[in-house]
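A.B. asks: Submitted below is the structure of interest, expressed as structure tokens.
The values are calculated or read from the model by the stated rules, or taken from the named source; none is laboratory data. Worth saying up front: this structure is predicted, and the values here are computed from it rather than measured. FYI the Cβ positions are ideal-geometry reconstructions off the backbone, even for glycines, and counts take in every protein chain you see. Ligands, DNA and RNA are stripped out before the accessible areas are found, and what is left, the full protein with its side chains, is counted by its heavy atoms. Shrake-Rupley method; radii C 1.70, N 1.55, O 1.52, S 1.80 Å.
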Amino acid sequence: MSSTPDLSVLAGFWDSALDALLATDGEGIILHANPRAERIFGYESGELAGRPIEELIPARFRDGHVHMRSMFIHSGGNREMDAGTELLGLRKGGGEFPVEISLSHFHSGERGLALAAVRDVTEKSRKRRELSEALEAAHIAGSAKTQFLATMSHEIRTPLNSVVGLVHLMQATRLDGRQTDFLVKIDRSARSLLGIINDILDFSKIESGGLSLEQTELDLEQVLETVATLSSAKAHQKDLEFSVHIAPDVPLLLQGDPLRLSQLLGNYCSNAVKFTEKGEVLLQVDVAERAPDSVRLRFAVRDTGIGLSTEQLTRLFQPFQQADASTTRKYGGTGLGLAIARQLAGMMGGETWVESEPGKGSTFYCTAVFGLEPDRAQKSFRLAPDLRGLHVLVIDDSPTTRRILVETLESFSFTATAAESGEAGVAAFANAREPWDLLIVDREMPGMDGLETLRRIREAGGAESPPAILLTTHGSKGLESAASGLGIRRFLHKPIGHSSLFDAIMSVFGVDGPFGAAVAAAPAAHDAEHLRGARVLLVEDNETNQLVASEILGQYGLVVDIAANGQEGVDAVLRAGTPSPYALIFLDIQMPVMDGYDAARAIRRVPGYADVPIVALTAEAMEGTREKCLQAGMNDYIPKPLKPAEIFECLNRWAGAGGGRDLAAPAIAPAAAAEMPRMELRELLQRLVGLLERDDLGAVSCMDELAGHPDALIHDSELGRVAVLIRGFQFERALERLAKFQTIIDT
């Protein structure tokens, strides 16, 4: 045996090292082992010296180790031996344990020797294994959660689709007032439940990183009008004043995600209205920070509600948390709205916080960053020189509304004066040093209401009384006759937007306002005549949903074949033969026997059906569902509950593409063409008015037809505003706007 090298200089280090240290010669014989090596391998002091290093390695690895050891000795380098794999050591008693090994090459005289540092990683390996198992369990749990949510979404949305669809169908029948009221309440409750489901799904998507934001054109005023439309209706039911205030320096045309901003602010406003019993709710926007190509906006929703204690504030913005148990019982809700708002604000580059005091209300804040387009002109309210400096009297009992109106009017270059009551307004009118050009009067005021105020002013001013705009919170239905002779030229529904106020004032003075055109262009005309007689296949396993969908399709004159599952759908296609008689195939996704994905793939394999449009109908509103539908060979995707307008739009987009039937609209003789558009436009208008008066949801699709009519294009501005109101289900306000349009058509 070769002699042991002189290691006396390193003896202290050698004996106290925390790792096992082994020195071997070129033949793999252990020359020296420190106490730590002897302990972890189970040998007595001095017992390892002279043994082959392979005795410390499990037998199945020894042959390979001899070769590797030889290569290392001759390479003259250093290396780590764990390199992503787990190595095993062998104790004297035969037990194996995981190790990490570092090798160093050194010389003693002319001989090449090796030094091995060995570390017992049993505990580290155990933790690594536990972490791997935990990650795998988390992945399985996440997949199970996603599948559970998808299943629950489908199972809950499917009956909801039936409820909403049947309500829509029943509203088109002859009903008395009591029945109509019941149906409205059913519809409202169903949509409330749908909102809860959407909150849960959105929260899950945000948690899993599956929710993404769009970067598209965003009209801030339209977003706020949408939020106000939904929130103000609930506020007015509780006799709350709901106001919107946009600071003068806030840019209105931005780049961002309008849908998610609406959702964020809608959650804030809904929360404020829910916890406020009297007083007001104010949504306000100002600029927090501006850069050349972006702007950070600060949104605040202030209420006069119950307020929050310091302890309650610490739990806010957490999922499924509300103020306390009694609050949950009284006010309901999932407690997800604010949690979703915080997540959305974070995704928009902002943050959320709240200031509150028990009994004194709360102010919820959030910030968000939006892009600016230097080449995109911002909205500006420019007046003809003769309209600048108009002398306007504002009469409203709400201090917030008065402040907002005065500030807005002054930004239009008007001179505005405010009065806090009807009595004060009459006095201000009588005591004015110069005549008033315009009155803006709130309809609902304590004491002397708006109509009585205008009557008194009319009595004092006679024929010289200025024109008036009446502000209402409940629409103008029934007010026309009461307001007769009071000089009211326009009705405006609260809360008042900059553009709607500007347009109203311009129309009072005979000038067309420029901001109706800012509304997104209406879709192409949905002329159902070109669909009449077309044949479609509906594959749906739920009988009630079969009824709802077939009734909606039947309203458009379509012939509907029904199959109860995917296999029956494939069989129907095979029986129908080639060329396909179907203009379009609707496929439910989750069905027994054969689901929609497999059915779509099978139909695509049938000769002559490669190009027949297939549209998925599904209550599985999860991230990735649309992509799965497209991968299965489908053309489009409609989520449940089904909306007649979405079905109509889908029919117009895809019907006829399969070549089963020529669905082109019949040609019109040139002589008749000159008269038909005018008659059709008048009939469409009358039909729309009738639907609005009955609060029929069919008004949405009828509005699309009207807006796309060739003769209606010259009235794009006015119809754009009507369309916004109808899509927000503000039917009374839409009727007000249509009155002017109907007069134009009749003349």
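A.B. asks: Going highest first, how would you order 535-547, 280-292 by mean Cβ packing within 10 Å?
C.D. replies: Taking the mean over residues of other Cβ atoms within 10 Å, the ranking is 535-547, 280-292.
A.B. asks: Would you kindly find the accessible area of I404, with a 1.4 Å probe and non-protein molecules such as ligands, DNA and RNA excluded, rounding to the nearest 10 Å²?
C.D. replies: 10 Å²
A.B. asks: Give me the Debye-computed log₁₀ of I(q)/I(0) at q = 0.10, 0.22 Å⁻¹ for the range 533-646, equal point scatterers on Cα only, no solvent, two decimals.
C.D. replies: Computed log10 I(q)/I(0) values: -0.24, -1.30.
A.B. asks: Which order do the peptides 123-132, 303-312 come out in when sorted by mean C-beta neighbours inside 10 angstrom, highest first?
C.D. replies: The most tightly packed comes first, giving 303-312, 123-132.
A.B. asks: Quick one: which of 486-492, 406-412, 39-45 comes out on top by average Cβ neighbours within 10 Å, and what's the full order, highest first?
C.D. replies: The packing order, highest mean first, is 486-492, 406-412, 39-45.
A.B. asks: May I pose another question? I'd like the accessible area for I186, computed on protein heavy atoms only with a 1.4 Å probe and all protein chains in place. Round to 10 Å², please.
C.D. replies: We get 80 Å² for I186.
A.B. asks: Okay, moving on. Kindly report, to the nearest 10 Å², the accessible surface of I140 as traced by a 1.4 Å probe over protein heavy atoms only.
C.D. replies: Per-residue accessible area (I140): approximately 100 Å².
A.B. asks: Can I get the semi-axes of the range 548-608's equivalent ellipsoid? Compute them from the C-alpha gyration tensor as square roots of 5 times the eigenvalues, in angstrom, largest first.
C.D. replies: Gyration-tensor ellipsoid for the range 548-608: 19, 16, 9 Å.
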